[in-house]
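Chemist: One structure, pasted below without further comment.
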Amino acid sequence: MIPEAILFDLDDTILSDDVVSEEAWKEACDRFAEKVKVRGSEELFDRINAVRMTFWSNPMNLREGTRNLYKSRLTIVKTALRELGIENEAFARQIVTLYQDAKWGLLRLYPNAEETIMALKRKGIKLALLTNGEAESQRAKVEKFALARHFPVCLIEGEIGYGKPDPRVFQMALDRLQARPQGTWMVGDRLEFDIAGAQSLGIFAIWSDYTSQGTASEFGNSPQRNHPRYFGVADPGREKRTVLSKAQSPKVRASESLSAFRYGFDF
């Protein structure tokens, strides 16, 4: 069954984001160590990694921290430096700036993402982009990859004042697309934001489990199947891709290698 509309999350669904963070932090630490002529970039990198994992594992930080990423990153780096016996905010700010510059250069669309989106458009499926986070940084990503040409509806938390899992953002997308919840799919990587939020309105939700966590306990039943390790619309002669339908569980797992996209849309 072909949906009338599909709502897409942005970060780590269409666009690599968290998956390039570690590489960006490594580059930032190496460049900082070279700049200030100190040794120990590996120790700094390991400490920042440990602190940021703890920071973002806190549900409140995960929800509120994305609204001011610079502040969150500065808190992480200051904490890491403090644990290394360094109290220097100027150093912390330099590292954060180096990180943000490095990450901006590493951001990329997942392979075949744009081709698939274009194929969905040709099938007449209405598309919307729903992303949490700051207005400036998220809009910059949309503009960098010219995504507005594919998504006539692009809802950014920092621009509209609320984000996923607030039902209002999903309802706004439905209203602007003139789509029904029962004819709409949501694709995203965050169970608590993308999946739970969409399901609260009766939208068919597809989980992009890019970190291969498996089924989350809070969702009870295991997903019925895994998706292929690519994103695409089925082609004759290629491997048969998973058919997504209303009959399936809304808790669909999609796993991938970091260099590949996730869903096989087979209509």
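Chemist: Answer with yes or no whether Arg139 is without any contact (Cβ under 8 Å) to a residue 24 or more places away in the chain and under 30 Å from Ile2 (Cα atoms).
Modeler: Working: without any contact (Cβ under 8 Å) to a residue 24 or more places away in the chain: yes; under 30 Å from Ile2 (Cα atoms): yes.
Criteria met by Arg139.
Chemist: Another question about this same structure. Which pairs do you get when a residue that is aliphatic (A, V, I, L, M), found in region 172-190, comes within reach of a residue that is in a loop (DSSP other than H, G, I, E, B), reach meaning Cβ atoms under 7 angstrom, with the pair 6+ apart or on two chains?
Modeler: As it stands, the answer is Ala179/Glu4; Met186/Ile203; Val187/Asp9; Val187/Thr13; Val187/Tyr263, since those pairs meet every condition given.
Chemist: Next question, about the same structure. Tell me, which residue of region 103-123 that is more than 15 Å from the chain's Cα centre (by Cα), part of a helix (DSSP H, G or I) and basic (Lys, Arg) is surrounded by the most Cβ atoms within 10 Å (Cβ to Cβ)?
Modeler: Lys121
Chemist: Say whether the condition of being more than 24 Å from the chain's Cα centre (by Cα) and surrounded by 16 or more Cβ atoms within 10 Å (Cβ to Cβ) is met by at least one residue in region 33-42. Spell out the reasoning first.
Modeler: Step one: list which residues in region 33-42 are more than 24 Å from the chain's Cα centre (by Cα), which gives 33-42.
With surrounded by 16 or more Cβ atoms within 10 Å (Cβ to Cβ) added as a condition, the list becomes 33, 41.
Looking for residues that are more than 24 Å from the chain's Cα centre (by Cα) and surrounded by 16 or more Cβ atoms within 10 Å (Cβ to Cβ), one finds at least one in region 33-42, hence yes.
Chemist: Being part of a loop (DSSP other than H, G, I, E, B) and either in contact (Cβ under 8 Å) with a residue 24 or more places away in the chain or hydroxyl-bearing (Ser, Thr, Tyr) (or both) is the filter here; which residues of region 142-165 pass it?
Modeler: The answer is Phe145, His150, Phe151, Pro152, Tyr162, Gly163, Lys164, Pro165.
Chemist: Return a yes/no flag: does region 88-102 have any residue that is within 17 Å of the chain's Cα centre (by Cα), surrounded by fewer than 21 Cβ atoms within 10 Å (Cβ to Cβ), not charged (D, E, K, R) and not assigned by TED's automatic domain parsing to the domain that holds Ala179.
Modeler: Among the residues of region 88-102, at least one is within 17 Å of the chain's Cα centre (by Cα), surrounded by fewer than 21 Cβ atoms within 10 Å (Cβ to Cβ), not charged (D, E, K, R) and not assigned by TED's automatic domain parsing to the domain that holds Ala179, which makes the answer yes.
Chemist: So which of Asp18, Asp11, Asp30 is under 22 Å from Val142 (Cβ atoms), out of contact with any His (no Cβ under 8 Å at 6 or more places or on another chain) and surrounded by fewer than 19 Cβ atoms within 10 Å (Cβ to Cβ)? I'd like the intermediate steps shown before the answer.
Modeler: Working: Asp11 fails: surrounded by fewer than 19 Cβ atoms within 10 Å (Cβ to Cβ); Asp30 fails: under 22 Å from Val142 (Cβ atoms).
Testing whether each residue is under 22 Å from Val142 (Cβ atoms), out of contact with any His (no Cβ under 8 Å at 6 or more places or on another chain) and surrounded by fewer than 19 Cβ atoms within 10 Å (Cβ to Cβ) leaves just Asp18.
Chemist: Just to be sure, is Leu155 outside the structural domain of Leu69 (by TED's automatic domain parsing), under 20 Å from Leu174 (Cβ atoms), touching a helix residue (DSSP H, G or I) at 6+ places or on another chain (Cβ under 7 Å) and not charged (D, E, K, R)?
Modeler: yes
Chemist: Provide a single number: the residues in region 51-94 that are more than 28 Å from Tyr162 (Cα to Cα) and among the aliphatic types (A, V, I, L, M).
Modeler: Residues that pass the stated criteria total 6.
Chemist: Out of region 118-146, which residues are out of contact with any strand residue (DSSP E or B) (no Cβ under 7 Å at 6 or more places or on another chain) and farther than 30 Å from Cys29 by Cα?
Modeler: Within region 118-146, Met118, Arg122, Lys123, Gly124, Ala146 qualify.
Chemist: Another question, then. Of the numbered conditions (1) buried (at least 18 other Cβ atoms within 10 Å of the Cβ); (2) at positive phi, Gly163 fails exactly one; give the number of that condition.
Modeler: (2)
The values are calculated or read from the model by the stated rules, or taken from the named source; none is laboratory data. Note that the coordinates shown come from a computational prediction; the quantities given were computed from them, not determined experimentally. Methodologically, a virtual Cβ is constructed for each residue, glycine included, from the backbone with ideal geometry; neighbour enumeration extends over all protein chains shown.
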